[in-house]
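The values are calculated or read from the model by the stated rules, or taken from the named source; none is laboratory data. In this text the structure is predicted, and so the values were computed from the model without any measurement. Just so you know, the surface numbers come from the protein's heavy atoms only, side chains and all, with ligands and any DNA or RNA stripped out. Shrake-Rupley method; radii C 1.70, N 1.55, O 1.52, S 1.80 Å.
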Amino acid sequence: MKLASMLFLGLFSLNSFASIIYKFDFDKISAVNDQNQLVWDFSGYLSYNAKSDVNTLNFSDLFFTLNIYDFGGQSTSYDISYTDYMGDGWFAQGDLYVENLIDEVFGNSAGEGFGFEFVNDTANDLYYFDTGIFLPNNSTNDTCLTFGSDVACAGKLISVNVPDEYYAQVSAPATLSMFFLVAIGLVLRKMRDE
């Protein structure tokens, strides 16, 4: 009887810690120059621990990669992690606003976009990487890398992949718990009958 009670409590405490992570992947986006040579590419993701947090700044994780190819006098790669963004960050500055990831485009809502500044070590100056509300002249339908007077734009915003879990209606852990509850009940009944 004690064993059955411990199993019952264990199952429900295990279920209370089960969670779904909502990971929104940003499709790789890139820009080319007039000679059709790759100038930069960008990819990344935002993750949320709760469905109610989606479309807010309460993300649980983020990771972005910006690769620059011979622009502004150097080729380099910048990675931004959740720790970098939430702390002082090694990059010069960064702002990120989320309003609607469910529409599968980042930067098209009135208050959505990001603006990051990265140090160009070769020229001792800054790269500006912007999309959505952070683009100058209210040109919110693009994603651009700027260095001095040079600008390389993708000509579009960033596509977002909405995770299947976001649309899921059935809670699998709850169904599994009910199955185990019935199984424990049958075991207890059999033990009592013996």
ask   = Averaged per residue, what accessible area in Å² does the stretch 19-157 show with a 1.4 Å probe, protein chains only?
value = 49
key: Reachable aspartates and glutamates from residue 51, criterion Cα separation under 18 angstrom, eight or more residues apart if same chain   = 25, 61, 99, 103, 104, 164, 165
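Give the shape of the stretch 43-156 as rounded, prolate or oblate, defined through the alpha-carbon gyration tensor: a ≥ b ≥ c are the square roots of its eigenvalues, a/c under 1.5 means rounded, and otherwise the shape is prolate if a/b is larger than b/c and oblate if not.
Details: a/c = 2.26, a/b = 1.42, b/c = 1.59.
Here the stretch 43-156 falls in the oblate category.
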